[in-house]
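Report on one structure; see the data block that follows.
The values are calculated or read from the model by the stated rules, or taken from the named source; none is laboratory data. Treat the numbers as computed from the prediction; the structure is a model and nothing was measured. Here the Cβ positions follow ideal geometry from the backbone for every residue, glycine too, while neighbour counts run over all protein chains shown.
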Amino acid sequence: MIRFLESLRIQASPPDELIVVDGSEAPDDPRLKLVLDSLPWRVVYVRSERQGITVQRNIGLNALHSSAELVGFFDDDVVLDAGYLRMIVEAFGRDKNKRIGGMNGFPLVDGNRRSSRNPVYELIDVPDLYGCNMIYRAEAIGNLRFDENLALYGWMEDWDFSKRVARDRRLVCCNQAYFYHLQSPKARVNGRKFGYMQIANRNYLYKKHRVFDRREYVFYASILLKNLARSYRKTYRERCLGNLRALREIFHEGG
């Protein structure tokens with residue numbers, strides 16, 4: 001979190017307001033309070049007793065100032081390039097007809113994957129947004145909220161939310177708004193819970209959006225087999241157990 005906040009501090013186009021929703025089980029970090037107190041914009045800090053990214057993002061939306069034009073959602077393991085927000089704000093500003101509803105930046109680092117900077121500026125249409133960094137027009141969100149019925153920590157909440165915005169707006173990636181997704185292992189949900197969400201959340205959302213068909217069961221089986229193939233590692237053994245729990249529930253409920 002502190003690395004993200006420091007990268008926000010040096011933005012060429014700083015935000016007007018920062019809302020931090022802390023749902024961690026760890027005790028309050030005095031270093032975090034020092035950094036938040038030193039930031040030169042309005043900061044709203046909310047300690048959430050309820051866990052899950054859908055809950056926390058809805059708390060942030062409900063705390064948003066009514067004058068906000070753009071709303072960004074960032075994971076705490078993201079670090080922004082100094083020009084990230086300037087590129088995003090300028091891209092929205094050039095969209096005079098306000099057809100763009102949401103936007104991602106471009107990852108120079110995403111876990112183990114590394115990419116080079118892009119020589120030519122582009123806005124690339126995408127079918128959905130990557131939840132670790134996504135910025136929306138506030139008017140495109142309106143009364144939309146993240147679906148708190150998603151199991152456990154809400155995996156795939158970004159796909160669901162951006163799909164709803166995309167019903168009448170464009171979603172794009174600004175290929176020169178750079179960021180680094182460092183994916184700290186300490187922040188990862190445990191293997192069994194993630195394995196459950198891999199299947200249960202996808203099954204729930206595909207039925208919700210009416211894009212489910214019976215071939216999905218083949219995909220669920222492939223997830224289980226991939227985890228099984230790597231089950232010599234404890235994380236993937238736990239994912240297998242989570243997969244099996246989700247599949248039992250799906251078939252018990254009749255699909």
Looking only at the range 1-57, filter to residues that are touching a helix residue (DSSP H, G or I) at 6+ places or on another chain (Cβ under 9 Å) and of a type in the set (Asp, Glu); which one of those is surrounded by the most Cβ atoms within 10 Å (Cβ to Cβ)?
ASP22
Are any of the residues in the range 132-141 surrounded by fewer than 21 Cβ atoms within 10 Å (Cβ to Cβ), closer than 14 Å to ASP75 by Cα and out of contact with any helix residue (DSSP H, G or I) (no Cβ under 7 Å at 6 or more places or on another chain)?
yes
Name the pairs: first residue in the range 188-200 and without any contact (Cβ under 8 Å) to a residue 40 or more places away in the chain, second residue part of a helix (DSSP H, G or I) and buried (at least 19 other Cβ atoms within 10 Å of the Cβ), Cβ to Cβ under 8 Å, at least 6 apart or on different chains?
ARG188/PHE194; VAL189/MET197
Being modelled with pLDDT of 95 or more and under 17 Å from the mean Cα position of the chain (by Cα) is the requirement here; does GLY93 meet it?
no
Residue satisfying condition, being farther than 17 Å from PHE194 by Cβ, more than 25 Å from the chain's Cα centre (by Cα) and not in a helix (DSSP H, G or I), within set TYR217, TYR232:
TYR232
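Quick check on the range 58-76: of everything there that is charged (D, E, K, R) and at pLDDT below 95, which residue is farthest from LEU152 (Cα to Cα)?
We begin by selecting, within the range 58-76, every residue charged (D, E, K, R); these are 69, 75-76.
Next, from what is left, pick out any that are at pLDDT below 95: 75-76.
Working: ASP75: 17, ASP76: 19 Å.
Out of the qualifying residues, it is ASP76.
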Under 6 Å between Cβ atoms, which residue pairs at least 6 apart in sequence (or on different chains) link something in the range 52-69 that is in contact (Cβ under 8 Å) with a residue 40 or more places away in the chain with a partner that is crowded, with 20+ Cβ neighbours inside 10 Å and part of a helix (DSSP H, G or I)?
ILE53/GLU157; THR54/GLU157
Pairs, first at negative phi in the range 205-224, second exposed (fewer than 15 other Cβ atoms within 10 Å of the Cβ) and assigned to a helix (DSSP H, G or I), C-beta under 7 Å, six or more apart
none
Can you tell me which residue is surrounded by the fewest Cβ atoms within 10 Å (Cβ to Cβ) among those in the range 79-128 that are of a type in the set (Phe, Trp, Tyr) and assigned to a helix (DSSP H, G or I)?
PHE92
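This table checks each residue for (1) assigned to a strand (DSSP E or B); (2) of a type in the set (D, E, K, R); (3) crowded, with 18+ Cβ neighbours inside 10 Å.
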residue	(1), (2), (3)
LEU171	yes, no, yes
CYS174	yes, no, yes
ASN203	no, no, yes
ASP213	no, yes, no
LEU228	no, no, no
Which residue out of TYR180, TYR153 is touching a Ser or Thr at 6+ places or on another chain (Cβ under 9 Å) and within 30 Å of GLY93 (Cβ to Cβ)?
TYR180
Please go through the range 145-172 and pick out each residue that is under 14 Å from the mean Cα position of the chain (by Cα) and not acidic (Asp, Glu).
ARG145, PHE146, LEU150, TYR153, GLY154, TRP155, MET156, TRP159, PHE161, SER162, LYS163
Of the candidates GLU253, GLU238, the one satisfying the condition of being of a type in the set (Asp, Glu), buried (at least 19 other Cβ atoms within 10 Å of the Cβ) and over 22 Å from ASP160 (Cα atoms) is GLU238
The lone condition ASN243 fails out of (1) over 17 Å from LEU150 (Cα atoms); (2) modelled with pLDDT of 95 or more; (3) in contact with a Phe, Trp or Tyr (Cβ under 9 Å, 6 or more places away or on another chain) is (1)
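Here are ARG137, ARG50, ARG113: which of them is at pLDDT below 95, under 26 Å from ASP22 (Cα atoms) and basic (Lys, Arg)?
Working: ARG137 fails: at pLDDT below 95; ARG113 fails: under 26 Å from ASP22 (Cα atoms).
Within the list ARG137, ARG50, ARG113, the selection yields ARG50.
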